[in-house]
C-alpha cells in the first residue's frame, strides 16, 4: 500500500482539547511492500503516527494519502472499506477475556466477512486449521483452545500478532509488538512478521523500543522525537552518533533499561512540607 504524509500534524488520541500536537509538520512516503521501523524516545509520537495511518485519528493539519486517496474526504462506506485493508495491532490487544484463542485469532478476518458470518464465527470457528497455523508462527499452537484470560501478557501480545496473518490487509501497523516478550520469543515474533509480510507483499510499519531489533530486522529506520522527523535512513546508515542524538536525555531507553530513580535527597526535598513563619 502506497502511503504519503504531507505537512501532517495530529494530536495524541487521548490528548485534551487544546493540547500540543503529537506530530508536527511530518512528511513521509512509503512504497507498497516496504518494511519500516519507527524508533524514538517515549513521547516521540510513534503511537499517534500509527493511529493516523490506521485512519483511527484524524490529522489536525496536512494531508494523508493511502492508495492515492485522502481517507477523510471519502464517504463513510468508502472509508470503512479502506479501513478493511488496514490492520492495527496495538501494544495491548483488545481480546475478550472469556473468548477462546481460536476465535480471537479468526477475528482478524472480520473486516472481510458479512454480518451473519461474523456472528456465526463467534460461536462456530470457521477455519480452525488457519488459526492453528497462524499461532504456530508465534509458538502458540498449543494454546489454540485456551481461554484468553488464562494467557500471560506476552502470550496475549502474540495472539494479537497472529491475527494479522489472517487479516485481509495490505498494511500491517504494529505498535510495540515485543514489549512483553522475552528475547528469544521477541526474535521469533519479529522474524515471523518480517518474513510473512515480505512473502505476502504487505507493507509493514512497526514501532519499536528495542533499537537493536529494529536495526537487525528492518531495512529502513525512521527516527522521531517530539513529533518531528529526526532521520529517515537505511538501517546501515543509522550510526551510534545519530542514535545518541535521537535519545539524548533518554539514554536508558536506548540501552533498554528502566528510567533512573530520583536520588533520596531529591525525593525528600520534594516531599518536605512547607514551613510557614507567623509574625
Query raised in the report: Among the residues of the stretch 239-250, which ones are more than 21 Å from the chain's Cα centre (by Cα) and part of a loop (DSSP other than H, G, I, E, B)?
Result: 239, 248, 249
Query - Single condition residue 29 does not satisfy, out of (1) touching a residue at least 60 places away in the same chain (Cβ under 8 Å); (2) closer than 30 Å to residue 199 by Cβ - result: (1)
Query raised in the report: Quick check, is residue 71 over 28 Å from residue 253 (Cβ atoms) and touching a helix residue (DSSP H, G or I) at 6+ places or on another chain (Cβ under 6 Å)?
Result: yes
Requested in this report: Could you grab the pairs with beta carbons closer than 8 Å, sequence gap of 6+ or different chains, first residue in the stretch 246-258 and within 16 Å of residue 222 (Cα to Cα), second one in a loop (DSSP other than H, G, I, E, B) and modelled with pLDDT under 90?
Outcome: none
Query raised in the report: Does the stretch 103-115 contain at least one residue that is in a helix (DSSP H, G or I), at pLDDT below 90 and more than 27 Å from residue 3 (Cβ to Cβ)?
Result: yes
Query raised in the report: From the list 180, 198, 192, 236, which residue is assigned by TED's automatic domain parsing to the domain that holds residue 42 and part of a loop (DSSP other than H, G, I, E, B)?
Result: 180
Requested in this report: Kindly provide the set of residues from the stretch 187-209 that are closer than 18 Å to residue 135 by Cα and buried (at least 21 other Cβ atoms within 10 Å of the Cβ), ordered by number.
Outcome: 189, 190, 193, 197
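Yes or no, residue by residue, for (1) out of contact with any strand residue (DSSP E or B) (no Cβ under 9 Å at 6 or more places or on another chain); (2) closer than 20 Å to residue 208 by Cα; (3) surrounded by fewer than 22 Cβ atoms within 10 Å (Cβ to Cβ):
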position	(1), (2), (3)
9	no, no, yes
14	yes, no, yes
22	no, yes, no
28	no, yes, yes
32	no, no, yes
42	yes, yes, yes
55	no, no, yes
70	no, no, yes
Query raised in the report: Quick one: how many residues across the stretch 58-90 are free of Cβ contacts under 8 Å to residues at least 12 places away in the same chain and either closer than 26 Å to residue 166 by Cα or assigned to a loop (DSSP other than H, G, I, E, B) (or both)?
Result: 8
Query raised in the report: Residues 18, 43, 7: which one is in a loop (DSSP other than H, G, I, E, B), out of contact with any helix residue (DSSP H, G or I) (no Cβ under 9 Å at 6 or more places or on another chain) and either at pLDDT 95 or above or within 18 Å of residue 175 (Cα to Cα) (or both)?
Result: 43
Query raised in the report: So, of the residues in the stretch 210-219 that are buried (at least 18 other Cβ atoms within 10 Å of the Cβ) and outside any helix (DSSP H, G or I), which turns out to be nearest to the chain's Cα centre (by Cα)?
Result: 210
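The values are calculated or read from the model by the stated rules, or taken from the named source; none is laboratory data. If you're wondering where the values come from, they're calculated on a predicted model, not measured in any experiment. Positions of Cβ are generated from backbone atoms using ideal geometry, with glycine treated the same way; all protein chains shown enter the neighbour counts.
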